Amino acid sequence: MSLNVAYIALGSNLGKRLEQMQSAVERLAEKPELTILHISPIYENRAIGMGDADPFLNAVAKLETSLAPEALLDVCLAVEDDLKRVRAESWIPRTIDIDLLVYEGVEIESEKLILPHPEIQARDFVARPLMDIAPDLVLRGKTIDEWVGALPLVELMLYPKQILLPKPKVL
């Protein structure tokens, strides 16, 4: 079984934000087809496009998986559903948001999935935590470090707490 490296973004701005992000990571880690390898520091930022909504916590996780990209996306969406993510419309507060950012070596553009995620280099709250764990990752001809260097970091603050890596699976 071949393993692939992927990166996912985690975000929350409703309820117990850190607990929901931790729960999402633990639920993902329960899947035998994936292993969480590393989790970035957490950043807090205003809820862009959501008026006066509570600020978001954002982080990025690096994982190893035997799942195909679409199957990995399905797992992420199922975890969001388990954590009561509401999908009424775009740009609304959410308990949890899990986005598949990069599945190394794969480019896809379908109705269901675009990889690499088309907004990484435009969103400091995604690019910065991704840079923390993969500064040499190349997207669209530039390293993530170069993309972050070109972004204005507006209202992005390092959060004082961390998402804990789940305990290793016992085989």
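Note on the range 111-129: residues that are open to solvent by less than 20 Å² (accessible area, probe 1.4 Å), over 21 Å from Glu70 (Cβ atoms) and aliphatic (A, V, I, L, M) total 1.
Got at least one residue in the range 145-154 being among the small types (Gly, Ala, Ser), assigned to a helix (DSSP H, G or I) and surrounded by fewer than 13 Cβ atoms within 10 Å (Cβ to Cβ)? Yes, the range 145-154 contains a residue that is among the small types (Gly, Ala, Ser), assigned to a helix (DSSP H, G or I) and surrounded by fewer than 13 Cβ atoms within 10 Å (Cβ to Cβ). For Leu156, all conditions in the list (1) closer than 18 Å to Ser12 by Cβ; (2) at pLDDT 90 or above; (3) among the hydrophobic types (A, V, I, L, M, F, W, C) hold save one; what is the number of the exception? Single failed check for Leu156: (2). Within the range 92-109, the set of residues being over 23 Å from Ile133 (Cβ atoms) and modelled with pLDDT of 90 or more comprises just one member, Glu109. Among the residues making up the range 1-27, those that are touching a Ser or Thr at 6+ places or on another chain (Cβ under 6 Å) and part of a helix (DSSP H, G or I) are Gln20, Met21. Asp132 falls short on exactly one of the conditions (1) in contact (Cβ under 8 Å) with a residue 60 or more places away in the chain; (2) more than 14 Å from the chain's Cα centre (by Cα); (3) open to solvent by 40 Å² or more (accessible area, probe 1.4 Å), and that condition is (2).
The values are calculated or read from the model by the stated rules, or taken from the named source; none is laboratory data. Being a predicted model, the structure only gives us computed values, none of them experimental. So basically every Cβ, Gly included, is an ideal-geometry build from the backbone, and we count neighbours across all protein chains shown. Surface areas here come from the heavy atoms of the whole protein model, side chains and all, with no ligands, DNA or RNA. Shrake-Rupley method; radii C 1.70, N 1.55, O 1.52, S 1.80 Å.
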